[in-house]
Amino acid sequence: MYQGKKIVILGLAKSGVSVAKLFHRLGAKVIVNDQKKRELCPEADELDALGISVICGSHPDDLITGDTALVVKNPG
């Protein structure tokens with residue numbers, strides 16, 4: 001169902017990391033975004049190692065595009 005779909009996760013806390021891993025296992029193209037600087041996101045390295053894209057430090061204007069299938073906002 002999510003195979004090859006672009007999923008954007010907003011927030012890199014426990015729930016953001018968990019949902020990113022879940023969608024990655026389901027075959028989605030996952031991008032995790034957090035406004036905190038990369039140094040304040042220790043989870044980013046773990047996700048990078050799995051092949052999950054991580055963008056820290058800002059919310060880029062082109063993060064959510066027409067091909068984005070789903071946006072998941074971290075409850076925090």
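The values are calculated or read from the model by the stated rules, or taken from the named source; none is laboratory data. Keep in mind that what you see is a predicted model, and the values were worked out from it rather than measured. Here the Cβ positions follow ideal geometry from the backbone for every residue, glycine too, while neighbour counts run over all protein chains shown. Only protein heavy atoms, including side chains, enter the accessible area calculation; ligands, DNA and RNA are left aside. Shrake-Rupley method; radii C 1.70, N 1.55, O 1.52, S 1.80 Å.
Residue-by-condition table, conditions (1) in contact (Cβ under 8 Å) with a residue 40 or more places away in the chain; (2) open to solvent by 70 Å² or more (accessible area, probe 1.4 Å); (3) not in a helix (DSSP H, G or I):
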| position | (1), (2), (3) |
| --- | --- |
| Gly4 | no, no, yes |
| Leu47 | no, no, no |
| Val54 | yes, no, yes |
| Ser58 | no, no, yes |
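Only residues that are surrounded by 16 or more Cβ atoms within 10 Å (Cβ to Cβ), hydrophobic (A, V, I, L, M, F, W, C) and more than 12 Å from Gly57 (Cα to Cα) were counted in region 15-43, giving 7. When region 60-76 is filtered for residues that are over 19 Å from Ser15 (Cα atoms) and in a loop (DSSP other than H, G, I, E, B), the ones remaining, listed by number, are Pro60, Asp61, Asp62, Leu63, Ile64, Thr65, Gly66, Asp67. Among the residues of region 15-49, just one is more than 20 Å from Val71 (Cβ to Cβ), hydrophobic (A, V, I, L, M, F, W, C) and touching a strand residue (DSSP E or B) at 6+ places or on another chain (Cβ under 9 Å), namely Leu40. Of all residues assigned to region 61-73, none qualifies as being open to solvent by less than 90 Å² (accessible area, probe 1.4 Å) and either modelled with pLDDT under 95 or among the charged types (D, E, K, R) (or both).
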